[in-house]
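Here is the structure we will look at, set down as structure tokens.
The values are calculated or read from the model by the stated rules, or taken from the named source; none is laboratory data. In this text, all values refer to a predicted model and were calculated from it rather than measured experimentally. Virtual Cβ from ideal backbone geometry, glycine too; neighbours counted across all protein chains shown. In case anyone asks, the SASA skips ligands and DNA or RNA and just uses the protein heavy atoms, side chains included. Shrake-Rupley method; radii C 1.70, N 1.55, O 1.52, S 1.80 Å.
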Amino acid sequence: KVTKPNYSQGGVCKMCHIFLLLWLLHFSSVYSDITDGNAEHLKREHSLIKPYQGVGTSSSSQWDFWGSTLVTSQYVRLTPDERSKQGSIWNTVPCYLKDWEMHVQFKVHGSGKKNLHGDGIAIWYTKERLHPAGPGSNGNFHGLAIFVDTYPNDEASDRSFPYISAMVSNGSFAYDHGKDGRSTELGGCSAEIRNKDHDTYLAIRYSKGRLTIMVDVDDRNEWKECIDIGGVRLPTGYYFGASAATGDLSDNHDIISMKMYQLMVEHTPEEDSQDWTKIEPSVSLLKSPKDNIDDPTGNFRSTPLTGWKVFLLLLCALLGIVVCAVVGAVVFQKRQERNKRFY
């Protein structure tokens, strides 16, 4: 009696699937998503969450507001859809995290038609809480600003609005409203964020001197890269805030939530011994805005991966599947030939 080897295409494929599953599990453990619903890393003292119980003017409040800002149980409206309004909300607790990620859920909506609305929202991480601040303010500042600009002031601009841009300032220059911040921006992208019937999100990550900004405005549950730049130096001890303004044109500018996450990142002994509160806001390398790149993983909160790294990883996975399929086909063919010899 001859014992036939227990080879089958199904068995090989099953082994391939197990191998692929183990590889993916290993990959996910290395690039774990530490902020995805992980309450341990959510810093509530820097987060603005419904029903906004920590907002107010008392000494125990973690957020306070100015101007036209209206706080309800469902949203924080920085400006109503009315002309010449300014409003802001600021965290009263300075942030001493070296590596962090801020997720902003917001909504911009109003009765204005195309190019008949304005002016936009700004998200801040600055040395001082600015009053007023944002589009409509000409003051200098120390720190980081993210502008969601909904109206093109520069008629010669070839950009599509709304437009998201970022800048870092050491107090020596301000946002140029006449040129829509073009002379000072680190990069930017266009994003259709007005009058959406679904949630719109902005994510800001600062880690190891790298600033990355992503948007999710298409209701696909996917992050889209807007800005990714290294060489950024931001100190600790600054304040987070949000502001908005209207002029001759207007919109409702609502903040639904601002969620701050701590990123668990290792630093060198030299970095840990440095006084991060004394760092001067700066950028060592400026680059021009680039085309948006969809994140194939649909997950921004994992360890950052460049487009080439993602491509190579997907290519390796595809090659692994092809190899498994070829091996399975060869083994199946040999089994068929062996069966012919036995019968």
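Are any of the pairs Lys50/Lys224; Lys98/Lys208; Lys179/Lys208; Lys113/Lys196 more than 19 Å apart by Cα-Cα distance, and if so, which? Checking Cα-Cα distances, Lys50/Lys224; Lys179/Lys208 exceed 19 Å. Count charges around Asn91 for me, please; just the other residues with Cβ under 14 Å from its Cβ, Lys/Arg as +1, Asp/Glu as -1. Summing Lys and Arg as +1 and Asp and Glu as -1 gives +2.
What ranking of Leu315, Leu42 comes out by heavy-atom accessible area, probe 1.4 Å, highest first? Don't jump to the answer; show the numbers that get you there.
On the way: Leu315 70, Leu42 30 Å².
Sorted by accessible area, descending: Leu315, Leu42.
Structural size metrics of segment 69-183, computed from C-alpha coordinates, are Rg and Dmax of 14.6, 42 Å.
Just the accessible area per residue of segment 103-256, please: how many Å² with a 1.4 Å probe?
I get 37 Å² per residue for segment 103-256.
Rolling a 1.4 Å probe over the protein heavy atoms of segment 113-230, with every protein chain left in place, gives an accessible area that is 40 percent carbon and sulfur.
Considering only Cα atoms, the convex hull volume of segment 187-271 works out to 145 Å³ per residue. Rolling a 1.4 Å probe over the protein heavy atoms leaves His142 with an accessible area of roughly 60 Å². If R0 equals 30 Å, the separation of the Cβ atoms of Ile49 and Val265 corresponds to a calculated FRET efficiency of about 0.80.
Distance between the modelled labels on Ser84 and Thr236, one decimal in nanometres: 4.5 nm (7 Å Cα→Cβ projection).
Full extension of the chain segment joining Leu313 with Leu42 gains 94.6 nm, where the gain is 0.36 nm per residue of separation less the Cα-Cα distance.
Here segment 106-207 is treated with +1 on each Lys and Arg Cβ and -1 on each Asp and Glu Cβ, and its dipole about the Cα centre works out to around 220 debye. Heavy-atom accessible area for Ser172, with the other protein chains in place and a 1.4 Å probe, reaches approximately 80 Å². Legend: residues Arg83, Arg182, Arg77, Arg129, sorted from most to least accessible area (1.4 Å probe; ligands, DNA and RNA excluded), read Arg83, Arg182, Arg129, Arg77.
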